[in-house]
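Participant: One structure, pasted below without further comment.
The values are calculated or read from the model by the stated rules, or taken from the named source; none is laboratory data. Everything quoted here is computed from the prediction, not taken from an experiment. So basically every Cβ, Gly included, is an ideal-geometry build from the backbone, and we count neighbours across all protein chains shown. With ligands, DNA and RNA removed, areas are computed over all heavy atoms of the protein, side chains included. Shrake-Rupley method; radii C 1.70, N 1.55, O 1.52, S 1.80 Å.
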Amino acid sequence: MQTSMHALRAHHRGEAEVLTYEQAPVPMPGPGEVLLRVQAAGITFTELVWDATWFRDGQPRTPVIPAHEVAGRVVESGPQVDTVRVGDPVFGLIPFDRDGASAEYAVVPQENVALRPLEVDPIHAAALPLAALTALQALVDHGGILEGQRVLVQGAAGAVGIFAVQLARLRGAHVTAVAREQDREYLQLMGAEHVIDYTSTPVTADGDGYDLALYAANGAPTEATYAAVRTGGVLVCLNAPPDGELLNRYGIRGQFFVVEANRGQMDELANLAKTQQLSIPIAATFPLAEGRAAYESGARHGRLPGKTVLVVETAGTWLASS
């Protein structure tokens, strides 16, 4: 087993400009952990401003390796691993206060990975764990979505929003998506019955109001979002807790959460992708050596919908090891 690897790392806090492609030690799995040969890693542009990226238990942990969505193959197991075996193709979510997958190898707790169906390639599998899990948990665990409900998704063309539109539709909800006009046709293809162009049309209750609103856009929702939810409905916010005063004013419930790895839910998402019921949009791919450029691409105007993924192994290697 080799002792060094190529990795994208940062030695002090900052944004994309602090990332360097360099040599790093190969991590070793501890009890209940597996070592993956990384094939692809999904990135989240905002992760470089998260405190969890730079600190663990209040202590700095530089140098850090970002990218917490991973697809790879198990190459070594630590003690007490009993859910996956060496050689298994897996995908999963690495805890945010640990080194991520923008490297040739990564360590992951066994409970944070699920088997990757061979019908889902590593690039698409690496785009599932954070965004799709967030959407699923927002709708089901925190929003209590039911068939026939009216659901509003703001930030619908973002990584989480695209999955939320699809998953809500798969559960029989009537989905209204809020995005730019240029994304209207795409979101309708994903299952949105109505699309509101937020640059020209305000969000309103449109009748009795929405049963469930998911705010997956940047920043915080305006009062119009609260007013658009029916009395007794629920607003799920992803960036910060909702405003308690506005919740009380409009008689609605509010939820805020941070996504957690859940193997059963990852299995569900993988099966939906395998059976082509769930589309996994990829906005762009970059080789690991160009990881800094991948993070910088988040600031580009007119990016395509979907995730940006770092490709660590070539497709020929995937096929040879499948």
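Participant: Cβ-Cβ below 7 Å, separation at least six or inter-chain, first residue in segment 74-93 and in contact (Cβ under 8 Å) with a residue 24 or more places away in the chain and hydroxyl-bearing (S, T, Y), second assigned to a strand (DSSP E or B) and surrounded by 12 or more Cβ atoms within 10 Å (Cβ to Cβ): which pairs?
Facilitator: Close Cβ pairs satisfying both conditions: S77/V34.
Participant: Six or more apart or on different chains, Cβ under 7 Å: which pairs go from a residue in segment 10-24 that's closer than 10 Å to L48 by Cα and free of Cβ contacts under 8 Å to residues at least 60 places away in the same chain to one that's of a type in the set (A, V, I, L, M, F, W, C) and not in a strand (DSSP E or B)? Could you list them?
Facilitator: Between residues of segment 10-24 that are closer than 10 Å to L48 by Cα and free of Cβ contacts under 8 Å to residues at least 60 places away in the same chain and residues that are of a type in the set (A, V, I, L, M, F, W, C) and not in a strand (DSSP E or B), the close pairs are A10/V18; R13/W54.
Participant: Using beta carbons and a limit of 7 Å, which pairs, at least six apart or on different chains, have the first residue in segment 254-267 and in contact (Cβ under 8 Å) with a residue 40 or more places away in the chain and the second one of a type in the set (D, E) and surrounded by fewer than 19 Cβ atoms within 10 Å (Cβ to Cβ)?
Facilitator: Here the result reads A261/E111; R263/E111, each pair linking segment 254-267 to a residue that is of a type in the set (D, E) and surrounded by fewer than 19 Cβ atoms within 10 Å (Cβ to Cβ).
Participant: Can you spot a residue in segment 135-150 that is within 25 Å of A224 (Cβ to Cβ) and in a strand (DSSP E or B)?
Facilitator: yes
Participant: Only residues that are exposed (fewer than 14 other Cβ atoms within 10 Å of the Cβ), at negative phi and part of a loop (DSSP other than H, G, I, E, B): list them for segment 261-277, please.
Facilitator: T275, Q277
Participant: For segment 138-154, what are the residues that are touching a Phe, Trp or Tyr at 6+ places or on another chain (Cβ under 7 Å) and open to solvent by less than 30 Å² (accessible area, probe 1.4 Å)?
Facilitator: V151, L152, Q154
Residues are listed down the side, and each one gets a yes or a no for (1) hydroxyl-bearing (S, T, Y); (2) more than 24 Å from M5 (Cα to Cα); (3) over 15 Å from the mean Cα position of the chain (by Cα):
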position	(1), (2), (3)
D82	no, yes, yes
P95	no, no, no
R98	no, no, yes
E104	no, no, yes
V108	no, no, yes
L115	no, yes, yes
A126	no, no, no
D141	no, yes, yes
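Participant: Another question, if that's okay. With respect to the numbered conditions (1) at pLDDT below 95; (2) under 26 Å from the mean Cα position of the chain (by Cα), which one is the sole condition not fulfilled by P202?
Facilitator: Looking at each condition in turn, P202 falls short on (2).
Participant: In addition: Exactly one condition in (1) at pLDDT below 95; (2) open to solvent by 20 Å² or more (accessible area, probe 1.4 Å) is not met by P281; state its number.
Facilitator: It fails just one condition, (2).
Participant: Being outside any helix (DSSP H, G or I) and open to solvent by less than 20 Å² (accessible area, probe 1.4 Å) is the filter here; which residues of segment 8-28 pass it?
Facilitator: If the condition is that a residue be outside any helix (DSSP H, G or I) and open to solvent by less than 20 Å² (accessible area, probe 1.4 Å), then L8, A10, G14, L19, A24, V26 are the ones that fit.
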